[in-house]
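Heads up: the structure comes next, in structure tokens.
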Amino acid sequence: MGGRCAGSWLPVRLLLTAALLLSTGYAKRSSRASSVDAELEDSALLGELEALQAGARDRVVHMDEASFARYASGSRRPYHLVVFLTASHLLDKPQLGLRELRYEFGLLAQAAHKLPRDAGARLVFADVEFKESQAVFHRLGVKALPWLLRLPPTLRVDPGANIRLKHEDVMRHDDYGHQVWKAEEMATFVAERTGVKVDKIERPSFFRSAFFPPTALAVLASGAYVAWLLYQAPFMRRLWIYAAGALFVFWFSVSGGMHNIIRGVPLYFFNQQGQIQLWMASNQGQLGGEGFIMGSAYLSFGLCVSALTYVVPRLPSSASRQGAGWGLVLSAAAIYYWIISTYTWKTGYRWRWYF
Amino acid sequence: MNGAKTHEEAALRNGWGQVLNGFALMAICAMAFSLRLFSVVKYESVIHEFDPYFNYRVTQYLVKEGYYNLWNWFDEFTWYPLGRVVGGTVYPGLIWTAGLMYNLLHYFNIPIHVQEVCVFTAPLFSAFCALATYAFVKEIRGQGAGLVASTFIALVPSYISRSVAGSFDNEGVAIFALVFVFFLYVKTLNTGSLAWATAAAVAYFYMVASWGGYSFIINLLPIHCLACVVTGRLSPKLYIAYAPFVVLGTLTAASIPVVGFNAVLTSEHFASFLVFGILHAALAITYIKDVLPPRAFRTAQTLVLSTSIALLGVVATLVIFYVMASPTFGWTGRSLSLLDPTYASKYIPIIASVSEHQPPSWPSYFTDLQAATLLMPAGLIAAFRPLTHASLFLILYGVTAIYFSGVMVRLMLVLAPAACCLAGLALHQLLLTLTRSLKAPARPSPPADAPTPVKEAAQRKPAKLGKAASRAVEKVAAVAKRAWHPLPKELAIAALAGAAIVFAGYTVHSVWVSAEMYSAPSIVLQSRSPDGSVHVFDDFREAYAWMRYNTPADSKVASWWDYGYQTTAMANRTVIVDNNTWNNTHIATVGRAMASPEEQAWHIYRSLDVDYVFVVFGGFIGYPSDDINKFLWMVRIGGGVFPDIKEKDFLGEGGYRVDDKGGKSLLNCLMYKLSYYRFGEGALMATGRMGFDRVRQVEIGNMDISLKYFEEVYTTEHWMVRVYRVLDKPHLDTKLKNRRRTGKALARKAPKNVDASGALARA
């Protein structure tokens, strides 16, 4: 009884097994077919992007809403999309430095383009402009520029939906400083996220161009010629020109002119009430303007002394000697007093007598 | 008969003048020396700061082992495990000087300790410097100007800052050497004597042996020589002053090991050779012009000119290609940082981190030079009237020095002698005018040696510049060549009084600056309480003495490089890095360890065989120059070599801060832990507030610090130096060591302890 039963179930079993086998085979084939489709699609996307990159001036693909939707959407992509967001109406705002940033971004894109194909993950550099792609900015939730983002290949992006990037996938002023980021800094950002190291950023430098040697020679030759002409020129024999030059160097240095250049200090700034502020009350630094005022004070004191020594005794009339002499002595005294009081105000030093 | 009497009177007056001059000079020297003793009076006779400790240690070695052994000294106490060839990397001038003085004193049976010799070397040499300045300016404009200039330099604060008693550093003798070389050069220019030229070369040898600043001389002299050639001041005297100097000077400079072949190979020295060639060419042209008939000379001129232009073209092309091939365009970092002032701050953190490499602002000039700044322009004008070889040299010195001082505050020291000489010149000329006006008879007549107008300017027709400014200057120049009249007497008296007030102000300022600003040895600190009593903080010496007597003699001590020299000299222990910052990678390794979490730092220190680590901490008493305030430089220097250290990880909200809003990496790094270990309760003692840091004025962000790989072994009285031992093996349970911890903290940290015991089991 039992054996019969088993025998009667056998065909059903076989049938089921066959069906199962068939269905798995079909499923396998269909999945293979879909992966082939995806690969085809990937390579098509990459091909398009490569064509766009080749056409772009600095290998940065310009994207509008439609192209962003095409290359960023989907559950996955075969590349990291590195996007620089910009706005044409803010390009000239110096505090944002978008133009310079975009230039640096272009340098990075060009350097990355030169990497060998097997260097790691693929990178696609793109830029999106605010006025023509407002929706993209909205989807990314961008509040302030500059904004550089990396779209990971595995992040799912649905068309039209908001894109939620991780904090670390965005390069913002708050985290990376308010200066204009250099291409090297952006390269570090990209390398940390994607593992693709772009070591050598090549800046187009005039020193490396083919025009440099002839230009330099021409400049040298014409410089030498001008120097020769100056050497021959009679007015160059006048000593006061050199004295004035020496005094200028003195004035520039004691004014802290180099300090202004090295530290990038402005001549003055506007305080919160909108008034010009010329003086910095701290001993630690100075503003450009106050430095030049004080440098001029140092110089004027010296000039008073010099005029009293050399010019006044040569004045023919005794009245003019009297007037000019007293004028010089009193102005020198006034300048000296003013320098001392400004100096003590600025530094907070009070002299103590040790006698 | 009458004439002979007048002559006798004049001779007698001159004799008295000389005697007075001599006494004045002695008084100036005494003033220069005694003004620098505030540090000894206020503190004690002790070596100051950082670098002097190294010089002191080398001097000790010299007097013990002799000159020859110093030459070959390899010091294994520093830069462990690399060591340092001291004989070949040190500027030995200062050490020779102190060693020689020590030997001399002992030869005369004056049993003085070598430390005393070192302490008083710099004040002694500032007195010598006053004498050298007198001689230098005397060559330019006579005795009177020399005396005023030497008074200025005896008092100038900028030089005081580097030459107070105890400041045993290269600059202390080098500024004297600098002025002395200038004096001998100008003396040779005036006399044309080969003996003086040789003396100048020997003085230059001493200067090269003393200080890296010799490159200023080897560039200034060529500039002066070139200026003389270009302005038609070529003379045999110039040749004798310059040519032997370059040849002998370069040869002797190259025999100092630390300079060696740099004297002919680096760009800083090229100018002298170039001008050497130009000088010979110019003299050859003059000679040929004399020998050849005019027509032949013109032909030869064309030939030589075209050949040299072609040659120059080839050379220029080569230079251009060299520039294109080199990333820094063929210049060394230090000279680039002078020519392009922003270079160092951008690319070399180890240069940018030192405060004396910052550019000065306008108050710095007044603090460091005071009245000399105000009189310098008048001195520049006085040097032009009349312009001689010697005064041209002073002008060039002044202009180049003031330019370079604008780039780095450190170079103010090179400017100080120039400013003093120019100020001396200006004040001398002013005093001359005023006193002559006082002495003048009612009917004016020009004094015999009144300043004469410059002839060149007078003889030429007005230039075609046609600008209002140039006309105004012409007018002034025209006035200046008229007859000399005395100033009104009351005006002269008022001006003399003004000059006296300015000079008195300068003296008061210098004395005050010397006493208050530059006399602190920074190894011993003082604070003044409101009731006037003085409290002394002697933590550094306490810590070094502890290390000297309580650690094994062969232990290696790690700290930030600032304290390397002091550790070797006072604790007599091997250090990893020191103030001779020759190996950036090694310093970056220590910076990296300080910036790493404890475990990682322990691995780094173990790999360097470090036994003890110490940090300097000011939060307890409010000492601002501590390691926490220097920490960002450690991160920057470390990050320059090891990119895994990033400055932004150490910054919290709104920048660098140590409270709970500080950067996460900062709150967990070794430097933070070693500085603030046990500080939560410790601060209670100092301020009454838990964990309150008196320098940063905040409550620290991490009070719950436990150490697993390091062990506190000594903390000084005011917590300024905290010494830790690097453990051979990590603690089994850090919490057992710290009974004050709560059970909660124990529970939170428990898993890590398992790791530790595991690590121990494996070990």
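The values are calculated or read from the model by the stated rules, or taken from the named source; none is laboratory data. Worth saying up front: this structure is predicted, and the values here are computed from it rather than measured. Note that each Cβ is placed from the backbone with ideal geometry, even for glycine, and that neighbours are counted across all protein chains shown. All accessible areas refer to the heavy atoms of the entire protein, side chains included, with ligands and DNA or RNA removed. Shrake-Rupley method; radii C 1.70, N 1.55, O 1.52, S 1.80 Å.
What percentage of the solvent-accessible surface of segment A:100-192, computed with a 1.4 Å probe over protein heavy atoms, is contributed by carbon and sulfur atoms? Spell out each step's value before the answer.
Working: 2420 of 4700 Å².
Of all accessible area on segment A:100-192, carbon and sulfur atoms account for 52 percent.
Counting only GluC sites (Glu not before Pro) that are in a DSSP loop and have at most 13 other C-beta atoms within 10 Å, tell me the longest site-free stretch of chain B.
Details: sites that count: B:Glu44, B:Glu76, B:Glu653, B:Glu717.
Counting only loop sites that pass the neighbour cut-off, the longest clear stretch is B:77-652.
Using a 7 Å offset from the Cα along the Cα-to-Cβ direction at both B:Leu311 and B:Asn103, what is the distance between the two label points in nm, to one decimal?
Roughly 4.6 nm, to one decimal.
Give me the mean projected area, in nm² to one decimal, of the convex hull enclosing the Cα positions of segment B:536-728.
10.1 nm²
Note down the relative contact order for chain B as a percent, whole number, built from C-alpha pairs under 8 angstrom at least six residues apart. Numbers along the way, then the final one.
Working: 1128 pairs, mean separation 90.7, N = 763.
This gives 12 percent for chain B.
Quote the total accessible area buried by chains A and B together, excluding ligands, DNA and RNA, probe 1.4 Å, nearest 100 Å². Walk me through the numbers before you get to the answer.
Values: alone 23760 and 36590 Å², together 53180 Å².
Rounded to the nearest hundred, the buried surface is 7200 Å².
Counting residues in segment B:1-84 as N, plug N into 2.2 N^0.38 Å and put the Cα Rg over that result. Kindly include the intermediate steps, with their values, before the conclusion.
Details: Rg = 25.6 Å, N = 84, 2.2 N^0.38 = 11.8 Å.
Relative to the rule-of-thumb radius for its length, segment B:1-84 sits at 2.16.
Across 5 Å bins from the origin, how do the percents of Cα pairs in segment B:488-561 run, short distances first?
3, 11, 10, 12, 11, 9, 9, 8, 7, 5, 5, 3, 3, 2, 1, 0
With the cut-off at 1.5 for a/c, could you classify segment A:43-194 from its C-alpha gyration tensor as rounded, prolate or oblate? If you can, show how the numbers build up before the last one.
Values: a/c = 1.39, a/b = 1.15, b/c = 1.21.
Rounded is the answer for segment A:43-194, as its axis ratio a/c remains below 1.5.
Working only with C-alpha atoms, what are the Rg and Dmax values of chain A, expressed in angstrom?
For chain A, the Cα-based Rg and Dmax read 37.0, 153 Å.
Calculated FRET efficiency, A:Lys114 and A:Ser222, Cβ-Cβ r, R0 35 Å, to nearest 0.05? Don't skip to the end; give the middle numbers.
Working: r = 37 Å, r/R0 = 1.07.
It comes to 0.40.
Would segment B:616-739 count as rounded, prolate or oblate if I go by the C-alpha gyration tensor, calling it rounded below 1.5 in a/c and otherwise prolate when a/b exceeds b/c, oblate otherwise? Don't skip to the answer; put the middle values down first.
Numbers: a/c = 1.59, a/b = 1.13, b/c = 1.41.
Oblate, since a/c reaches 1.5 and b/c is not below a/b.
Tilt of helix B:236-254 relative to the longest C-alpha principal axis of chain B, in degrees (0 to 90, nearest 10)?
Roughly 20 degrees, rounded to the nearest 10.
Rounded to the nearest whole Å², what accessible area per residue is found for the protein assembly as shown with the 1.4 Å probe? Walk me through the numbers on the way to the answer.
Values: 53180 Å² over 1118 residues.
With all protein chains present, the protein assembly as shown gives 48 Å² per residue.
Would you mind checking the tilt of helix B:412-439 against the longest principal axis of the Cα atoms of chain B, expressed as 0 to 90 degrees and rounded to 10?
That helix lies at roughly 40 degrees to the long axis.
Using R₀ = 22 Å, calculate the FRET efficiency as 1/(1 + (r/R₀)^6) where r is the Cβ-Cβ separation of A:Arg76 and A:Glu184; round to 0.05.
Working: r = 30 Å, r/R0 = 1.35.
Efficiency computed from Cβ-Cβ geometry: 0.15.
Under a GNM of chain A (C-alpha, springs under 10 Å), which listed residue has the highest mean-square fluctuation: A:Ala111, A:Ala244, A:Ala135?
Judging by the Gaussian network model, the answer is A:Ala244.
P(r) for segment A:238-347, please, calculated from all Cα pair distances in 10 Å bins and given in %.
Pairs per bin, as whole percents: 13, 33, 30, 16, 6, 0.
Round to the nearest 10 and report in Å² the accessible area of B:Leu318, as given by a 1.4 Å probe over the protein chains' heavy atoms.
120 Å²
Shape of segment B:541-615 from its Cα gyration tensor (a ≥ b ≥ c, root eigenvalues): rounded if a/c is under 1.5, otherwise prolate when a/b > b/c, or oblate? Intermediate values should be presented prior to the final figure.
Working: a/c = 2.02, a/b = 1.37, b/c = 1.47.
Since a/c reaches 1.5 but b/c is at least a/b, the shape of segment B:541-615 is classed as oblate.
Could you look at chain B and say what percent of its accessible area is carbon and sulfur, using a 1.4 Å probe and all protein chains?
On the way: 20700 of 33030 Å².
Answer for chain B: carbon and sulfur cover 63 percent of the accessible area.
Taking 2.2 N^0.38 Å as the expected size of a compact globular protein, what ratio does the Cα radius of gyration of segment A:167-224 give against it, to two decimals?
On the way: Rg = 18.8 Å, N = 58, 2.2 N^0.38 = 10.3 Å.
Here the Cα radius of gyration is 1.82 times the empirical estimate.
Sorted from largest down, give the three principal axis spans of the alpha carbons of segment A:127-201, whole angstrom values.
Cα spread of segment A:127-201 along its principal axes, largest to smallest: 37, 28, 20 Å.
Limiting things to C-alpha atoms, what are the Rg and the maximum Cα-Cα separation (Dmax) for chain B, in angstroms?
Cα-based Rg and Dmax for chain B come out at 31.2, 113 Å.
Under a point-charge model restricted to the Cβ atoms of Lys and Arg (+1) and Asp and Glu (-1), what is the dipole moment magnitude of the protein assembly as shown relative to its Cα centre, in debye to the nearest 20?
On the way: 104 positive and 78 negative charges, 410 e Å.
For this selection, approximately 1960 debye.
Using just the helices of chain B, give the 222 nm mean residue ellipticity in deg cm²/dmol: DSSP H runs with n ≥ 4 each add -39,500 (n - 2.57), and the total is spread over all residues, rounded to 500. List each step's numbers first, then the result.
Values: 34 runs with 481 residues, N = 763.
Computed ellipticity for chain B at 222 nm equals -20500 deg cm²/dmol.
Relative to the longest principal axis of the C-alpha atoms of chain B, give the angle of the C-alpha long axis of helix B:468-480, reported between 0 and 90° and rounded to the nearest 10°.
60 degrees
Using the per-residue mean of other Cβ atoms lying within 10 Å as a proxy for protection, in what order, highest first, do the peptides A:270-276, A:139-145 fall? Don't jump to the answer; show the numbers that get you there.
Working: A:270-276: 8.0, A:139-145: 15.6.
Ranked from most to least packed, the peptides come out as A:139-145, A:270-276.
Before rounding to the nearest 500, sum -39500 (n - 2.57) across all DSSP H runs of length at least 4 in chain A and divide by the residue total; then give [θ] at 222 nm in deg cm²/dmol. The partial results should precede the final answer.
Working: 11 runs with 198 residues, N = 355.
Rounded to the nearest 500, it is -19000 deg cm²/dmol.
What is the percent of Cα-Cα separations in the protein assembly as shown that go past 47 Å?
Details: 289289 of 624403 pairs.
Percent of Cα pairs beyond 47 Å in the protein assembly as shown: 46.
Only helices at least 18 Å long along their axis, Cα-based, and averaging 1.0 or more on Kyte-Doolittle count here, so list those DSSP H runs from chain A.
Numbers: long enough: A:2-55 (78 Å, 0.24); A:98-113 (22 Å, -0.06); A:212-232 (29 Å, 1.11); A:239-254 (23 Å, 1.88); A:288-310 (32 Å, 0.98); A:318-347 (43 Å, 0.31).
For chain A, where a helix must reach 18 Å along its axis and average at least 1.0, the hits are A:212-232, A:239-254.
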